[in-house]
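Only one structure is covered here, and it is reproduced in the block below.
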Amino acid sequence: MYSTFDVNGEGCLVCNNQVLGRLGKLQGVFGAEVDYINGRVVVSHTDEVTREDIAGVLNELGFFETKTNCEI
């Protein structure tokens, strides 16, 4: 399953590593792509982790969802 988050926040390589590192610690997350140009984070995960869990990690890192997208 994939969850897409349109987010605000400025990004850099260090931020990218923090996002990937923190999301990777969530049980059930097995991949993530961060696109700072388009302000989007796509997370590959199982149903063990909820969209809210992922959004919580992104919020802690300063990335706030600008609109809600569906899980695929």
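Taken together, the values in this text are just the output of simple stated rules run on the coordinates, not laboratory data. None of these values were measured; they are calculated from a predicted model. Glycine gets a Cβ as well: all are built from the backbone with ideal geometry, and neighbour counts include every protein chain shown.
Please quote Rg/Rh for region 2-71 to two decimal places, taking the Kirkwood radius as Rh and restricting both calculations to Cα atoms. Intermediate results must be reported in sequence, preceding the final value.
Numbers: Rg = 10.7 Å, Rh = 11.7 Å.
Ratio value, two decimals: 0.91.
Run the quick spin-label model on residue 42 and residue 66: label points 7 Å from Cα toward the beta carbon, then report their separation in nm to one decimal.
1.8 nm
Could you work out how much longer the chain between residue 15 and residue 33 gets when fully extended? Use 0.36 nm per residue separation minus the Cα distance between them, nm to one decimal.
5.2 nm
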